[in-house]
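The values are calculated or read from the model by the stated rules, or taken from the named source; none is laboratory data. What you see is a predicted model; the values in this text were computed from it and never measured. Using ideal geometry, Cβ is built from the backbone for each residue, glycine included, and neighbour counts are taken over all protein chains shown. Please note that ligands, DNA and RNA were not included when accessible areas were found on the heavy atoms of the full protein model with its side chains. Shrake-Rupley method; radii C 1.70, N 1.55, O 1.52, S 1.80 Å.
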Amino acid sequence: VPDVIDYLVTACQANSALQALGVTVFDGPQPSGAASGIEQVLWVGHNPKDTIAEIGSADQAYAFVGDMGATRDETGEVVLCAKHWTGDLSFKLHRDGCKAITGAVELMLRGLPATGGPGDFSLGGLVFWAQMQNAVWWQSLADGGAEAYCAFKVSYSGRLVSV
């Protein structure tokens, strides 16, 4: 989970589509008020709308019984959350803004660079595959306007090998 979070933070911060949207990417929770006034935010390893601070989870299983458990398969997921706010009262504007943020992350997880992308579902070879799933949407009135949030998970499958 920590390696997948590190990859996602770095990849999202460098993602040209997210940069073009003006998205601020945070690695985990920030001090109170840090996202205040920022119109478009993506948290990796945090959901500010959840009172439980789960950042991810993973399960492991034997990959090969014959190697005495030295090789293990891991499946896991990491929590991300997009926020869109501009001070406008249009919920559609903010849902569409969240959709653009989550869509950029989803596109980042499609294909492989060697085959023309557009992204890299192997997270740079870190895992067998990764994908976006389990999106939950909120919209509410906040100080200064409406806002929308989309919390989602990036699930993955990989192999841990003892050297």
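Can you name every residue in the range 121-137 that is on the phi < 0 side of the Ramachandran plot and in contact (Cβ under 8 Å) with a residue 24 or more places away in the chain?
If we filter the range 121-137 for residues that are on the phi < 0 side of the Ramachandran plot, which is where we start, we get 121-122, 126-133, 135-137.
Listed by number, the residues that qualify are LEU126, VAL127, PHE128, TRP129, ALA130, GLN131, MET132, GLN133, ALA135, TRP137.
Restricting attention to the range 85-123, and to residues there that are among the aliphatic types (A, V, I, L, M) and touching a strand residue (DSSP E or B) at 6+ places or on another chain (Cβ under 7 Å), which single residue is farthest from ALA35 (Cα to Cα)?
Narrowing the range 85-123 to residues among the aliphatic types (A, V, I, L, M): 89, 93, 100-101, 104-105, 107-109, 112, 114, 123.
Going one step further and asking which of them are touching a strand residue (DSSP E or B) at 6+ places or on another chain (Cβ under 7 Å), we end up with 89, 101, 105, 109, 123.
Numbers: LEU89: 19, ILE101: 16, VAL105: 19, LEU109: 25, LEU123: 27 Å.
Restricting to residues being among the aliphatic types (A, V, I, L, M) and touching a strand residue (DSSP E or B) at 6+ places or on another chain (Cβ under 7 Å), the top hit is LEU123.
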Identify the single condition in (1) open to solvent by less than 40 Å² (accessible area, probe 1.4 Å); (2) in a loop (DSSP other than H, G, I, E, B) that PRO29 does not satisfy, given that it satisfies every other one. (1)
Residue selected from the range 32-54 under the condition modelled with pLDDT under 80 and either assigned to a helix (DSSP H, G or I) or β-branched (Val, Ile, Thr) (or both), by the criterion least open to solvent (accessible area, probe 1.4 Å): ILE52
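Quick check: is even one residue across the range 109-117 under 13 Å from the mean Cα position of the chain (by Cα) and modelled with pLDDT under 95? Spell out the reasoning first.
At the first step, the residues of the range 109-117 found to be under 13 Å from the mean Cα position of the chain (by Cα) are 109.
Among the residues that remain, those that are also modelled with pLDDT under 95 are: none.
No: the range 109-117 contains no residue that is under 13 Å from the mean Cα position of the chain (by Cα) and modelled with pLDDT under 95.
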Of these, ALA146, ALA135, ALA130, which one is under 19 Å from VAL41 (Cβ atoms) and surrounded by 17 or more Cβ atoms within 10 Å (Cβ to Cβ)? ALA146
Can we say GLY125 is open to solvent by 20 Å² or more (accessible area, probe 1.4 Å), part of a loop (DSSP other than H, G, I, E, B) and touching a Pro at 6+ places or on another chain (Cβ under 6 Å)? no
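Can you tell me which residue within the range 55-94, out of those that are of a type in the set (D, E, K, R), within 20 Å of VAL1 (Cβ to Cβ) and in contact (Cβ under 8 Å) with a residue 40 or more places away in the chain, is least open to solvent (accessible area, probe 1.4 Å)?
The qualifying residue least open to solvent (accessible area, probe 1.4 Å) is GLU74.
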